[in-house]
Amino acid sequence: MASRLGCVHDAAIGPAVSEIDDPQAEGQSLARLIDDLVATRSDLFELLVGVAPADMTVPGLIGEWSARELIAHVGYWAGNAVEVIHAVEEGRADEVGEGKPPTDEVNETVARVARQTDLATVRKREAASVDVLLERLGRMEPVLLSVRLPDGATLEEGVREDGPDHYREHADELRRVLEGGGHA
C-alpha cells in the first residue's frame, strides 16, 4: 500500500516553501483541491449506495474490509491530513510523521476499531473528519501548499494523497467490485 502522510520516511528534507511566482495560481490550486475532495468523496458514497445495507458490515468487500471499515479508513486519513495541515501552520512541518507507526499498522488498527463500532458512528466520524478538513483548507493560506514535508512531498501532494486521491483510489476499487458483481 502506498505510504500516507503519517509515515516516517528516510529522506527527511525538512520544511521549505518554494518561491511563489503566482499567488493566484496557488489559490486556484487550493480551490481545485477542495473541489476534488468534495467530488471524490461524493463518488465513493454514491458507489456505496450499490452495496446492500445488510452487506455494509460484511468483511470481504474490498480485500478483507467491509464497507464500514473502508469508510473508517478514508475518514481516518482525512483526519490525518488535518493534523498535518495544523503542524505546517504552526511551523512544525519537520515533525510530521515523527513517532507514528507504519501505515499498515495504522490501517489495521483503524479497521479493528471500525469492526467494533456501529456503521452510523463510523459514518458520522468520517463526515466529521472531512468537514474539518474542508474547513481547514477553506481558511488555509494557499502558500502553505508548497511547504515540503519530511518525505519530500509538498503539503498539497500529501493532502491530495490522504484526501481526494485516497477517496478516488477506493472508489475505483469499489467500482471494479460492483461492476464485477461480487466482493473482491
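Numbers at a glance
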quantity	calculated
Cα-only radius of gyration and Dmax that characterise region 65-110, units Å	12.2, 38
Region 23-179: projected area of the alpha-carbon convex hull, averaged over directions, in nm²	9.2
Length gained when the stretch Val132-Asp55 is fully extended (0.36 nm per residue, less Cα-Cα span)	24.9 nm
Likely footprinting exposure, Glu89, Glu98, fewest C-beta neighbours within 10 Å first	Glu98, Glu89
Over region 23-179, relative contact order from alpha-carbon pairs under 8 Å, at least 6 apart, %	42
For region 79-163, the spread of Cα positions along each principal axis, largest first, Å	39, 28, 19
Per DSSP, loop GluC sites (Glu not before Pro) in region 24-72 with at most 13 further Cβ within 10 Å	Glu64
Neighbour-count order for Ile34, Ile85, fewest beta carbons within 10 angstrom listed first	Ile34, Ile85
Stretch gain in nm, segment Thr117-Ala39, where the contour uses 0.36 nm per residue and the Cα spacing is subtracted	25.4 nm
Residues Leu174, Leu119, sorted so that the one with the fewest Cβ neighbours within 10 Å comes first	Leu119, Leu174
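Throughout, read-outs are computed from the coordinates displayed, never taken from laboratory work. This is a predicted model, so every value here is computed, not measured. Quick reminder, even Gly has a Cβ in these numbers, built from the backbone with ideal geometry, and neighbours come from all protein chains shown.
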